[in-house]
Amino acid sequence: MRILAVVMLTIVALAALVAIPIGSAAVAKVDEPKFALESGERQFEVRRYQARIVAETHVAGDRKQAESEGFRRLAGYIFGGNKTKTKISMTAPVGQTADGRKIAMTAPVGQRAEGDHAWTVSFTMPSGETIATLPEPTDARVTLREVPPARVGVVKFSGRWTNESFAGHAELLRSWLSARGLRPSGEVEVNRYNPPWTPWFMRRNELWLTLDR
């Protein structure tokens, strides 16, 4: 039995080592919204983002249910659920091709609370796209929106996607901002940069809080 246990642990370890370069390669190809770093300290940063376009959907339920349902709706949009029947190029967990042109999947996938058991899940669209150039969703629950320029406080961390982890890091972020006289507004936005199969210790997670101007 001890030999079997050792063999199983070895298999798990090898699987994790194989998954690391695969996950890293996929993330390396993913476009991210550009920002200017205003200040930073350890795992905390203050960033300035330019305007960007997101596809988003509003979902009721607990966080994990909303995450799953919201991702399904948005994936449906970029997999062809739109007026131009855009198709996907799987260069990352999600990619997109429309009318002979590639629309790459970007990171992060965002999620924020909208009250009790209500959430907004969003995909950031590639830089250079506008609402006019992106295909119109066929699912009325999916909408395109321009997010205005924003100044945000950020805490970066790895690990599992649990309510406890998110709540703990949100408190750390609020404390860090408060100590510097920075006032957040709105709800915490959860941003995940990795596909679900990425080993938990390799995941790149961020919480964002929009700051008062």
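Some values worked out for this structure:
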item	result
Residue that is modelled with the lowest pLDDT [pool: residues in region 25-47 that are surrounded by 13 or more Cβ atoms within 10 Å (Cβ to Cβ) and over 26 Å from Gly168 (Cβ atoms)]	Ala26
Matching option when the condition is of a type in the set (Gly, Ala, Ser), touching a strand residue (DSSP E or B) at 6+ places or on another chain (Cβ under 7 Å) and without any contact (Cβ under 8 Å) to a residue 40 or more places away in the chain, among Ala132, Ala150, Ala170	Ala170
Region 142-175 - residue that is of a type outside the set (A, V, I, L, M) and under 19 Å from Glu38 (Cβ atoms) and, of those, surrounded by the most Cβ atoms within 10 Å (Cβ to Cβ)	Gly153
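The values are calculated or read from the model by the stated rules, or taken from the named source; none is laboratory data. Please read these numbers as outputs of a predicted model, since none were measured by experiment. Positions of Cβ are backbone-derived with ideal geometry, glycine not excepted, and every protein chain shown enters the neighbour counts.
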